[in-house]
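Rule-based calculations on the coordinates, nothing more; no lab input. Computed from a prediction, not measured in an experiment: that's the story for all the values here. Every residue, glycine as well, gets a Cβ built from its backbone with ideal geometry; the counts of neighbours run over all protein chains shown.
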Amino acid sequence: MASVSGSTVFSVIYILIYSNDLLDVTTSFNVLFYIIRSNKMRLYGKSTKDLPSEKFYDAMDMDSPDLQKYDRTCNDIKVKNHREQMIPICKKYLRFLDTSKEWIELFSAYDVSLLINYWIYEKLIRIYGDKESNDFIMGFSDLQMMWGYFDYGRKRETYYKKCWPDPSKFIHDDWEKRKELYNYYVDSNYLFMMANVNDDKCKYYKIIEGKKSLYEHFESECLPPKKNCPNFYDQCKPHNPKYVLPNLHCYAEMQKAASETLLQSPDTGNDLAQKQQLEPGDDNPQFERAAASTQDAQSISQSYDIRTKVANSVLGTAPVLFTATMLYRVYTHSINIYHYSINL
């Protein structure tokens, strides 16, 4: 195993502990050496993407020398049309199956079946267009057959079952919104942390803020009788931007900028000035809604401790994915671990 500078290791851990108060030393060392010794992080770690979900899809898309192992199997794929486009998808899917146990461990807090099915579906829909077409159905069925016969001995393993191409994951017309929502859920802890410790330009704040319309869509869809509500929606609810934005460093700055923009508008500026002259006791539903909103924000601020939320995720449900992403970000230019890793 390649040697790693002791000072680099301690610098990484010190930065994470001192700046965020999120990790204990034992957890930091365990995750660091998991990354180095597991030999399962090459493609994920090689990705230049920022967010964990982006890294997953980027790693799935990457070419690697070991893809030739699947030439014989995938060259026999039964599709009639667009074979040349389907063969690389087949190979990359089999590469994923080969290391599926490690992927499941890496994303242990999340549903990898959603991620891999969204990846498959998006690839096939780009090739065949219509999910109801015979070509699409044939291509998808071929990948299901690959899952069944590629490693028959693992078919009963729970982790392997999660990797089955499952059409129920994307039958909904708003599948793209569902994919975006689940990606955001996977990325949320990382986004919240970066928004609080490394967001001088409010980049991460704006990413989170950009999910408001997404949540508005599903808030509507998830009203009773919840006919079109994702079964993972309850997991995503605590990460709603309206709950977490008030806890981020950029909140005051962005609110101030929004107010200044509003005041600079000739039409809204006059209306706002008139509203500000009204006293709290006036019969003014706009004021009442604003007051209620302020109270809600205060309640959210008290009940939703973002640092505790992230810490619990790091130390509890998602230690490997979240911390591995952070460690790669901090010392990716200092430690070259790829030359002794195998492909994931």
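Considering every residue within the range 139-155, establish whether at least one is among the hydroxyl-bearing types (Ser, Thr, Tyr) and crowded, with 21+ Cβ neighbours inside 10 Å. Within the range 139-155 (the criterion being among the hydroxyl-bearing types (Ser, Thr, Tyr) and crowded, with 21+ Cβ neighbours inside 10 Å), the answer is no, since none of the residues qualifies.
Residue count for the range 57-74, restricted to those that are part of a helix (DSSP H, G or I) and farther than 18 Å from LYS123 by Cα: 8.
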